[in-house]
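Let me begin by presenting the structure, written as structure tokens, before commenting on it.
The values are calculated or read from the model by the stated rules, or taken from the named source; none is laboratory data. Computed from a predicted model, the values in this text were never measured in an experiment. Positions of Cβ are backbone-derived with ideal geometry, glycine not excepted, and every protein chain shown enters the neighbour counts. These accessible areas exclude ligands, DNA and RNA; they are computed on the full protein's heavy atoms, side chains included. Shrake-Rupley method; radii C 1.70, N 1.55, O 1.52, S 1.80 Å.
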Amino acid sequence: MPDSIPPDSVGIVTPQRQRFDLPLPLDCGRSLPGFELVYETYGTLNAQRDNAVLICHALSGNHHAAGYHGMEERKPGWWDVCIGPGKPIDTNRFFVLALNNLGGCDGSTGPSSLNPATGRSYGPDFPMVTTADWVRSQACLADHLGIDRFAAVVGGSLGGMQALQWSVDLPQRLRHAVVIAAAPKLTAQNIAFNEVARQAIMKDPDFHGGRYLEHGTYPKQGLRLARMVGHITYLSDDAMGQKFGRELHSDTLRYDFGTQFQIESYLNYQGEIFSERFDANTYLHMTRALDYFDLAKAHGDDLVAAFRQARCSFLVVSFTTDWRFSSARSRELVTALVEAERNVSYADIEAAQGHDAFLLPIPRYMELLRAYFDRIANESWPVAAA
Amino acid sequence: MRPDLGIIMEWIAAGSRVLDLGCGDGTLLAELTRQKGVHGWGIENNPHDISHCIAQGVNVIEHDLDQGLAEFRTQRFDTVVMSLALQAVRFPDLILDEMLQIGRECIVTFPNFGHWSCRHDIGLRGRMPRSDFLPHEWYNTPNIHFCTIADFEALCRKKNFQILNQRVVDRHYRSNPLMRRWPNLLAEIAIYRLTR
């Protein structure tokens, strides 16, 4: 709980909800008859409506990117270090929009929502959603808010993949894409980790084929395990070593299988918290959206051809100890962007924290984003879409 | 603007595609974009310079030149520039090769170790050359592969690089007829435009 709201915070924010009563066709061939998106905004949309920044969330994120929902909230939004008055994405200059993606579990239409066709929650019947579907739904929200073109679409990890998808699918609707700790598609190893997480959830006896809500329960143990596996991949070996090493929870070895090492209790704790706030079906959907993401696929498996569709400038950022989406994956994006003759800058930030670094206030990372957003705020550009 | 950049700019065609190796704070690319409508990208590994490039809207890619340019091997640039960095890379011959693989032409500038003051320092004083222009001691210098103009041209002959232009200047980028007559003795900086 904050004692008082820090001056560089966007302060107390209230989520908003928008219903769209139009069918949304999806990549999987099905469509949603209508949908709701929950979102937050920070800052003010200017008269020219050209200062909007879209924040795309990663696997377990949501619309609450900055500020506090109330004085009783323990921690601010998930990217509060970056968004606020005077922060790198400066809400004195930008109108920042963050939403909960379709399939999410924080208020937007997802597996826990009521299926109008059956009168019960979608559960396993919720259609598969992809990054391209998200981009289409986000564009609906932009239309509703009167934003023709974003100054920037920004995201880390799966959020970065949405920024990439925006650049290729709706090239006229953004001036900049900021792509952090992402990749053009997942590797077999990435998919493997996701599959372990999904199996942990689906094999939990409380999963009930995805209809756990109707049984008044949820696959808590599965979600815990899924998060524990995921969490290991978000940290670097070094970061884990520095933070926990082989420290014991108790004074001596107990010669049993209970929690003894600090890393064990940390992972258990992370898993526990996560299992209490996140929905299992949403976890399945989000990891599948990651697996399916392949920017080049719709362009003859040619990443350069995909990027030739783009019109925006790109900032690509990676972190030296990120092994979930390593620097090499970001460099694939960069070389393809240069070959496609797009404007691109790339920085590989020295950071010990692994993939998690994209959420942390690492000084060089913050300075870089600040420099880039300063430039966006100061640049002159034609009013009409190019 | 640094005078060497003015010379380099003369040799780059308007609207061309340029890669600047060791682009520093992005001054050359910013000017090339402004004055000649060039589409350019810089390669740099100094975080401070990278931020500076980004702030002024210059495309900059963080990369260590000693890792080579293999990642860019599918690229085609009109001109690849490397200003006063040749002497600081681990494999100057290989990087020249790579520059002319990914670029139709390249522009290279380097300090001439054949300059009389260097010869004086080594030949008469018996010490490694040091000056305002090359201020480092032998043990902490980033410049690990010095060459003379004669050395450089020998390498070009060996590799069959064609010299399109050559300019020789002092540290203030001035030239004179004597310097042009005896460049290897009197020039402090050499600027070459090469192709294959």
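Amide H to amide H distances under 5 Å link A:Tyr346 with A:Val316, B:Val60, B:Ile61, B:Glu62, where only residues 5 or more positions off or on other chains count and H is placed in the peptide plane.
Note on the protein assembly as shown: helix-only mean residue ellipticity at 222 nm, from DSSP H runs of 4+ residues weighted -39500 (n - 2.57) and normalised by residue number, equals -10000 deg cm²/dmol.
Ordering B:Arg17, B:Arg90 by accessible surface, largest first, gives B:Arg90, B:Arg17; the 1.4 Å probe counts only protein heavy atoms, with every chain in place.
A Stokes-Einstein calculation at 4 °C with viscosity 1.567 mPa s, built on the Kirkwood radius of segment B:31-119 over Cα pairs, returns a diffusion coefficient of 90 µm²/s. Less than 5 angstrom separates the built amide H of A:Ser121 from those of A:Asn115, all sequence-distant by 5 or more or on a different chain.
Compute the distance in nm between two label points, each set 7 Å from the Cα along the Cα-to-Cβ direction, one at B:His172 and one at A:Asn46. According to this spin-label approximation, the distance is 4.5 nm. When DSSP beta bridges are restricted to pairs lying wholly in chain A, around 35% turn out antiparallel. Given springs between every Cα pair under 10 Å in a Gaussian network model of chain A, which of A:Arg30, A:Arg254, A:Arg308 has the largest fluctuation? Highest fluctuation of the listed residues: A:Arg254. Lysines near A:Lys220 by alpha-carbon distance under 16 Å, same-chain residues fewer than 8 away left out - which ones? Within the straight-line limit of under 16 Å, A:Lys220 reaches these lysines: A:Lys203. In segment B:25-61, the residues that give up 40 Å² or more of accessible area when the other protein chains are added, compared with the chain on its own (1.4 Å probe), are B:His39, B:Trp41, B:Ser51, B:Ile54, B:Asn59, B:Ile61. For segment A:179-284, applying the loop criterion from DSSP together with a ceiling of 11 other beta carbons within 10 Å to the chymotrypsin sites (Phe, Trp or Tyr not before Pro) yields A:Tyr255, A:Phe257. Only lysines eight or more places from A:Lys297 in sequence, or on another chain, were considered; those with a Cα closer than 30 Å are A:Lys185. Can you pull the percent of the protein assembly as shown's accessible area that's carbon plus sulfur, 1.4 Å probe, other chains left in place? So the carbon and sulfur contribution to the accessible surface is 52 percent. The Rg/Rh ratio of segment A:268-362, with Rg taken over Cα atoms and Rh as the Kirkwood radius over Cα pairs, comes to 1.06.
The HN-Hα couplings worked out from phi for segment A:204-211 by the Karplus form 6.51 cos²θ - 1.76 cosθ + 1.60 (θ = phi - 60°) are 5, x, 7, 6, 6, x, x, 9 Hz, whole numbers, x standing for Gly and Pro. On the basis of the beta-carbon distance and an R0 of 35 Å, A:Met202 and A:Asn378 show a calculated FRET efficiency of 0.10.
Heavy-atom accessible surface of B:Lys36, to the nearest 10 Å², is about 60 Å², with a 1.4 Å probe and all protein chains retained. Coupling constants for segment B:58-65 follow from the phi torsions by the Karplus curve (6.51 cos²θ - 1.76 cosθ + 1.60, θ = phi - 60°), and in residue order they are 8, 5, 9, 10, 6, 6, 9, 4 Hz; glycine and proline get x. On the principal axes of its alpha-carbon atoms, the protein assembly as shown has extents of 93, 67, 49 Å, going from largest to smallest. Residues within the reach of a label modelled at B:Leu185 (point 7 angstrom out along Cα to beta-carbon, backbone nitrogen below 18 Å), restricted to segment B:136-167, are B:148-151. The per residue volume of the convex hull around the alpha-carbon atoms of segment A:176-233 is 117 Å³. In this structure the amide hydrogen of A:Arg49, modeled in the peptide plane, comes within under 5 Å of no amide hydrogen from residues 5 or more places off or on another chain. Chymotrypsin sites (Phe, Trp or Tyr not before Pro), restricted to segment B:1-79: which are DSSP loop and have at most 16 other Cβ atoms within 10 Å? Here the sparse-neighbourhood loop sites are B:Trp11. Computed from phi, the 3J(HN,Hα) profile of segment B:32-47 under the Karplus parametrisation 6.51, -1.76, 1.60 (θ = phi - 60°) reads 4, 5, 5, 8, 10, x, 6, 9, x, 9, x, 10, 8, 10, 8, x Hz, with x in place of Gly and Pro.
Just the number, please: Stokes-Einstein D of segment B:141-196 in µm²/s, Kirkwood Rh from C-alpha pairs, 4 °C, 1.567 mPa s. Working shown, then result.
Numbers: Rh = 12.1 Å.
The Stokes-Einstein estimate is 107 µm²/s.
For segment A:41-106, trypsin sites (Lys or Arg not before Pro) are listed when DSSP marks them as loop and at most 12 other Cβ atoms sit within 10 Å of their Cβ; the list is A:Arg74.
Given +1 at the Cβ of Lys and Arg, -1 at the Cβ of Asp and Glu and no other charges, the dipole of chain A around its Cα centre is 520 debye to the nearest 20.
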